[in-house]
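Down below is the structure, laid out as structure tokens.
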Amino acid sequence: MITGILLMAHGTPSSMDEMPEYLRLVRGGRPPSDALVAQMRHNYEAIGGRSPLTEHTLAQAAALRERLGPEIPVAVGMRNWTPFIRDALQKLAAAGVTRVIGIPLAPQFSTLSVTKYFDAALEALPAGMRLDQVPAFHDHPLLLEAFAEKLRAACPEDPEDPEDDEEIVFTAHALPQRVIDSGDPYAAQVAATADGVAGLARLRPPYYRAFQSAGRTPEPWIGPDISELIIERMAQGARHFLIAPIGFVCDHTEILFDIDVQARATAESGGATLRRTDSLNTSPTFIAMLQDLVQKHL
């Protein structure tokens with residue numbers, strides 16, 4: 001039996017021309033409105049015209065491949081754009097792989113995200129190939145340490161200094177409230193990740209949790225929303241914010257636009273400053289965590 005690794009991510013268009021088709025796939029086949037296409041093009045233009053998600057995911061795969069050695073093929077599959085999950089599985093099959101360890105690059109489990117990755121992989125699984133699922137790694141010690149490294153690097157030399165007035169906000173992607181109400185563990189896992197990172201970084205309470213990048217739907221989404229929290233804290237006198245996105249493992253639109261552009265604009269409109277920790281990307285500690293996940297399933 002030859003084992004291969006499938007790293008899965010959301011996907012992103014490589015050009016503005018691809019935006020309508022990309023959004024159609026994200027929306028489950030429903031065509032996007034002209035207004036939505038225009039809004040997303042505006043967001044991408046604000047970060048240079050494209051998201052680096054694919055490049056970062058491929059770089060993470062290359063770093064993992066280097067650690068595992070040539071005997072274990074590693075492929076990248078995206079749910080909503082190229083390289084698609086089905087194409088990655090075909091590539092692994094062509095290399096003789098009969099058992100795949102599937103790892104969605106989403107630290108916290110949700111039926112609305114992680115389950116969809118596995119559904120896509122199972123639907124496209126070649127005959128005779130087995131899929132072993134890694135559903136979550138939100139509290140893996142190396143993940144917590146990887147985020148803590150970024151936080152320590154961004155914090156003042158003494159994070160317990162009472163004179164430091166920068167408020168630290170951990171963020172993750174929002175989900176519809178109905179999903180959490182149905183028993184989805186996502187919000188609890190986000191809280192566990194934040195608390196674990198805070199402990200390793202020796203943060204002194206209070207620190208905050210917020211959610212970001214809520215979908216454009218009328219139903220309630222879990223909160224507090226990052227911009228709403230910033231406004232609330234500014235009303236209480238806060239003037240400096242450090243955002244630590246612990247629901248994402250690399251730079252992409254939700255980081256570069258939703259935090260660096262939108263959330264920063266909210267803070268600056270109230271006379272406050274906002275910065276964030278660096279993303280994990282190819283952090284050696286994060287890649288070591290991926291290697292550990294693989295080795296535990298070999």
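Taking segment 166-210 as the range and being within 18 Å of the chain's Cα centre (by Cα) and charged (D, E, K, R) as the test, the residues that pass are D184, D195, R209.
A single member of H56, H42 is touching a His at 6+ places or on another chain (Cβ under 9 Å) and assigned to a helix (DSSP H, G or I), and it is H56. Residue count for segment 13-57, restricted to those that are under 30 Å from G128 (Cα atoms) and surrounded by 15 or more Cβ atoms within 10 Å (Cβ to Cβ): 4.
Listed residues Q291, Q295; which is without any contact (Cβ under 8 Å) to a residue 12 or more places away in the chain, under 24 Å from L144 (Cβ atoms) and over 16 Å from the mean Cα position of the chain (by Cα)? Step by step, each of Q291, Q295 is checked, and only Q295 is without any contact (Cβ under 8 Å) to a residue 12 or more places away in the chain, under 24 Å from L144 (Cβ atoms) and over 16 Å from the mean Cα position of the chain (by Cα).
Being modelled with pLDDT of 95 or more, in a helix (DSSP H, G or I), surrounded by 15 or more Cβ atoms within 10 Å (Cβ to Cβ) and not assigned by TED's automatic domain parsing to the domain that holds R41 is a property that holds for A191.
Residues are listed down the side, and each one gets a yes or a no for (1) surrounded by fewer than 17 Cβ atoms within 10 Å (Cβ to Cβ); (2) at pLDDT 95 or above; (3) β-branched (V, I, T); (4) in contact with a strand residue (DSSP E or B) (Cβ under 7 Å, 6 or more places away or on another chain):
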| residue | (1), (2), (3), (4) |
| --- | --- |
| F211 | no, yes, no, yes |
| G223 | yes, yes, no, yes |
| I230 | no, yes, yes, yes |
| L242 | no, yes, no, yes |
| T253 | no, yes, yes, no |
| G270 | yes, yes, no, no |
| L280 | no, yes, no, no |
| D292 | yes, yes, no, no |
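Going through segment 252-281 one residue at a time, which ones are closer than 15 Å to L151 by Cα and part of a loop (DSSP other than H, G, I, E, B)? Those that are closer than 15 Å to L151 by Cα and part of a loop (DSSP other than H, G, I, E, B): T277, D278, S279, L280, N281.
The values are calculated or read from the model by the stated rules, or taken from the named source; none is laboratory data. Predicted, not measured: the structure shown is a model, and the values here were computed from it. Please note: Cβ atoms are built from the backbone with ideal geometry, for glycine as well, and neighbour counts cover all protein chains shown.
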